[in-house]
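The values are calculated or read from the model by the stated rules, or taken from the named source; none is laboratory data. It should be emphasised that the depicted structure is a prediction, and the values quoted were computed from it without experimental measurement. Don't worry about glycine lacking a Cβ; one is built from the backbone with ideal geometry, like all the others, and counts go over all protein chains shown. The protein model used for the area step is the full one, side chains on, heavy atoms only, and it has no ligands, DNA or RNA in it. Shrake-Rupley method; radii C 1.70, N 1.55, O 1.52, S 1.80 Å.
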Amino acid sequence: MSDRLYIFDTTLRDGEQVPGCQLNTVEKIQVAKQLEALGVDVIEAGFPISSPGDFNSVIEISKAVTWPTICALTRAVQKDIDVAAEALQYAKRKRIHTGIGTSPSHIKYKFNSTPEEIIERAVAAVKYAKRYVEDVEFYAEDAGRTDNEYLARVIDAVTKAGATVCNIPDTTGFRLPGEYQEKIKYLYEHVDAFSAGKAILSTHCHNDLGMATANTVAGVLGGARQVEVTINGIGERAGNTSLEEVAMTFKTHPELGIETNINTTKIYPTSRMVSSLMNMPVQPNKAVVGRNAFAHSSGIHQDGVLKNVSTYEIMDPKDVGIDDNAIVLTARSGRAALKHRLQVNGVELDGERLDKVYAEFLKLADKKKEVNDDDILVLAGADRANAHAVQLDFLQVTTGMDAKSKCVASIGLDISGQKFEACSTGNGPVDAAIRAMKKIIMKEMVLKEFTIQAISKGSDDLGKVHMQVEYNGHVYYGFGADTDVVKASVEAYIDCVNKFK
């Protein structure tokens, strides 16, 4: 059995299924190039038949990257496979990822089928995909809840039909590590293609019970030689297996003999890029890439680390790309310092775009004693909003000190170059500002969710606001950030409006 572990990144497909985290094609290309620099072996670029945007993204990513395999997802449906093959036409290395549900509940309720018919459909899909590409991956959806003996029959049939990789998803995140390892081991021992080196097993674990990484590592120990992962563990529901956790698990345990192609020093910049582009903060206590991953607050821990860092740190921060001698940004920092910190965080800015972000940085630095990485990522993200049709021109809010006093907001919007102004009262400053904005936009909108998050600590901190707004039967997600949470709220609302179809 080879000890080379292939990293299959599905940030741009499964990871992008998180509500409100969709990327445009330009942003997807930016992430794909960073994944290539990181060293991933396979990039799952999208589900081409699902939308014209996904189809176009697969095409453009195929053109943009050089050596990783580009993978496109399909159902076990001929039309899906036709469209995927067309989307992959420019890929230097291409893979079609097709499959079908195999658990009793999927067979009965999702497909209204029988176990034998499912095997027939699986084999037919693999054979059809082989007409287009040599590299065909088959996924057995909900394999985690599929009987091992039946699953082995399915996998044996599709490998004989030509599948080169067999994906064994724990789709619902249900299995325990020992159970999942035993499932992978059972398949390795009962399907000849794996021991003969004609195909490899792949893990795809979800984090519903917080065991995605544990199950993935267990699967590798059971014989899997590909892992399907996402940056920061993003994905549907509770997310997928984190690329950074798996890569660093095997780096810190060389005795296991498992090697990947990941350049671990690129992990942190990649994490920050994905977090910034998707407007999805990384939780502070997130393993490997969280803000507190290498922080020590306990006196006992601090004493131990000062005496010998290995007492409480199993990884060198520099191994994951964290510069522990970071340049501190203040109002006296120049463009070069800002550009350096952005590069460390996976963001490349030059010329006019850097000038614009630097101007906003100076305004923020005047309000804060120290500007942190999260702050500058927000500024870089705000720069992407400059092309929006609806932009905030000015905002003025007056608030009272008692229950009888009314909050009054005056707002100015620039809509495709035209200036509009309105004024309204409300139950609070945010309510007043949104009511004023609605007078200008005049659409039937319903605010579904409103969340304010402080980036770190202190009264001068940036407030990050996430919103969900329902319009015309669809829910849109918006994001805003400012040291003034009322302005951040208005920016988040405007972000939603700019996404209306």
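Below are the figures for this structure:
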| quantity | calculated |
| --- | --- |
| The stretch 266-292 - residue that is of a type in the set (A, V, I, L, M, F, W, C) and open to solvent by 40 Å² or more (accessible area, probe 1.4 Å) and, of those, nearest to Ala32 (Cα to Cα) | Met280 |
| Residue check, Ala161 of a type in the set (A, V, I, L, M, F, W, C), more than 24 Å from Val191 (Cβ to Cβ) and touching a helix residue (DSSP H, G or I) at 6+ places or on another chain (Cβ under 6 Å) | no |
| Any chance Lys198 is in a loop (DSSP other than H, G, I, E, B) and either open to solvent by 70 Å² or more (accessible area, probe 1.4 Å) or modelled with pLDDT under 95 (or both) | yes |
| Asp170, sole failed condition from (1) among the charged types (D, E, K, R); (2) farther than 25 Å from Ile234 by Cα; (3) buried (at least 23 other Cβ atoms within 10 Å of the Cβ) | (2) |
| Filter result for Gly178 (surrounded by fewer than 23 Cβ atoms within 10 Å (Cβ to Cβ) and in a helix (DSSP H, G or I)) | yes |
| Yes/no for Ala143 being more than 13 Å from Ala199 (Cβ to Cβ) and open to solvent by less than 30 Å² (accessible area, probe 1.4 Å) | yes |
| For Ala247: the one exception among (1) part of a helix (DSSP H, G or I); (2) of a type in the set (Gly, Ala, Ser); (3) modelled with pLDDT under 90 | (3) |
| Candidates Glu120, Glu137 - the one that is acidic (Asp, Glu) and assigned to a strand (DSSP E or B) | Glu137 |
| Qualifying residue in the stretch 252-265 (condition: under 24 Å from the mean Cα position of the chain (by Cα), modelled with pLDDT of 95 or more, polar (S, T, N, Q) and surrounded by 19 or more Cβ atoms within 10 Å (Cβ to Cβ)) | yes |
| Test: residue in the stretch 388-409 that is surrounded by fewer than 17 Cβ atoms within 10 Å (Cβ to Cβ), modelled with pLDDT under 75 and part of a helix (DSSP H, G or I) | no |
| Count of the stretch 235-251 residues which are open to solvent by 10 Å² or more (accessible area, probe 1.4 Å) and either free of Cβ contacts under 8 Å to residues at least 60 places away in the same chain or over 22 Å from Met315 (Cα atoms) (or both) | 5 |
| Selection within the stretch 456-475 - open to solvent by 20 Å² or more (accessible area, probe 1.4 Å) and either among the small types (Gly, Ala, Ser) or modelled with pLDDT of 90 or more (or both) | Ser456, Gly458, Ser459, Gly473 |
| Failed item in (1) part of a strand (DSSP E or B); (2) under 23 Å from Asn498 (Cβ atoms); (3) open to solvent by 40 Å² or more (accessible area, probe 1.4 Å); (4) modelled with pLDDT of 75 or more, with Gln453 passing the rest | (4) |
| Identity of the residue in the stretch 40-54, closer than 13 Å to Ile29 by Cα and open to solvent by 10 Å² or more (accessible area, probe 1.4 Å), that ends up modelled with the highest pLDDT | Asp54 |
| Residue list for the stretch 332-352, restricted to those being at negative phi, assigned to a loop (DSSP other than H, G, I, E, B) and surrounded by 13 or more Cβ atoms within 10 Å (Cβ to Cβ) | Ser333, Asn345, Val347, Glu348, Leu349 |
| Evaluation of Thr172 against (1) assigned to a loop (DSSP other than H, G, I, E, B); (2) touching a residue at least 40 places away in the same chain (Cβ under 8 Å); (3) not hydrophobic (A, V, I, L, M, F, W, C) (one fails), failing number | (2) |
| Failed condition for Pro429, given (1) over 22 Å from Lys499 (Cβ atoms); (2) free of Cβ contacts under 8 Å to residues at least 40 places away in the same chain | (2) |
| Test: residue in the stretch 61-68 that is over 15 Å from the mean Cα position of the chain (by Cα), touching a residue at least 12 places away in the same chain (Cβ under 8 Å), buried (at least 24 other Cβ atoms within 10 Å of the Cβ) and more than 28 Å from Lys185 (Cβ to Cβ) | yes |
| Lys130 vs. criteria within 31 Å of the chain's Cα centre (by Cα) and open to solvent by 10 Å² or more (accessible area, probe 1.4 Å) | yes |
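For (1) touching a residue at least 60 places away in the same chain (Cβ under 8 Å); (2) in contact with a His (Cβ under 9 Å, 6 or more places away or on another chain); (3) open to solvent by 40 Å² or more (accessible area, probe 1.4 Å), each residue gets a yes or a no:
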position	(1), (2), (3)
Gly15	yes, no, no
Ile29	no, no, no
Val58	no, no, no
Val77	no, no, yes
Arg93	no, no, yes
